[in-house]
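The values are calculated or read from the model by the stated rules, or taken from the named source; none is laboratory data. These numbers come from a predicted model, not from an experiment. Using ideal geometry, Cβ is built from the backbone for each residue, glycine included, and neighbour counts are taken over all protein chains shown. The protein model used for the area step is the full one, side chains on, heavy atoms only, and it has no ligands, DNA or RNA in it. Shrake-Rupley method; radii C 1.70, N 1.55, O 1.52, S 1.80 Å.
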Amino acid sequence: MTALDDLAGELIVSCQPLPDDPDDPMRDPYVQARVAAAAVRGGAAGIRANGPADVTAIRAAVPVPVIGLYKAGSADVFITPTAAHALEVAAAGAQVVAVDATDRPRPDGRTFADTVRALRAHSDALVLADVSTVAEALAAVDAGADAVATTLSGYTSPGRRPDGPDLDLLARLVGLLPVPVLAEGRYRDAGQISRAFAAGAHAVVVGNAVTSPLWITRRLVTAVARHG
């Protein structure tokens, strides 16, 4: 049994401060560990967390698998952008490391496959490929990814970002890939989660809608502004 087996048919909660707001009061490993503990108490079977400090704190606070990543830099690829970042997250205790597996240039000039090889050589962590297209998912599996997530759908192309999840991409990947496919990216309510599992998702990741008071409040305040 692996951490991915433990997550089959389950909800994963992403516990992260907002990446585009350095003053988010939730930006603290202790706080994120408490949020993670509350999510697990509520029924989450896994946690997704950003950065070695948060991963270490959350691993100490919860008994469920932790998917670790490392958001770094200002380049297009900033989710675990290098092999060095991936190894830091694995060393912090993440059983699964999430890595940007899109076809965009990486800041160190290396490839997603290089990161997979580094993790295989120096850790026992599984590799989760965050993708935005079918082609990227297929390439990630060829490179050795243990699972794929739809995390980056809608975030890599110009134009307005969709408000809801990409269930079509999820269904296509489930039909094509020999590895688990995680539904992630703008999942915000029970109906969307149910539709993801109906489409064949191995697990579903929900983030800001559960764990970010700042994001939730900003979203609700837009209704106040419209009313006024």
Which residue pairs have Cβ atoms closer than 8 Å, lie 6 or more positions apart in sequence or on different chains, and pair a first residue in segment 1-28 that is in contact (Cβ under 8 Å) with a residue 40 or more places away in the chain with a second residue that is surrounded by fewer than 14 Cβ atoms within 10 Å (Cβ to Cβ)?
LEU11/GLY43; MET26/PRO213
Among the residues listed as PRO19, PRO25, the single one being touching a strand residue (DSSP E or B) at 6+ places or on another chain (Cβ under 9 Å), assigned to a loop (DSSP other than H, G, I, E, B) and open to solvent by 60 Å² or more (accessible area, probe 1.4 Å):
PRO19
Does VAL179 meet the test of being open to solvent by 20 Å² or more (accessible area, probe 1.4 Å) and modelled with pLDDT of 95 or more?
yes
Against the definition (exposed (fewer than 11 other Cβ atoms within 10 Å of the Cβ) and over 18 Å from GLU10 (Cβ atoms)), how does GLY144 come out, yes or no?
no
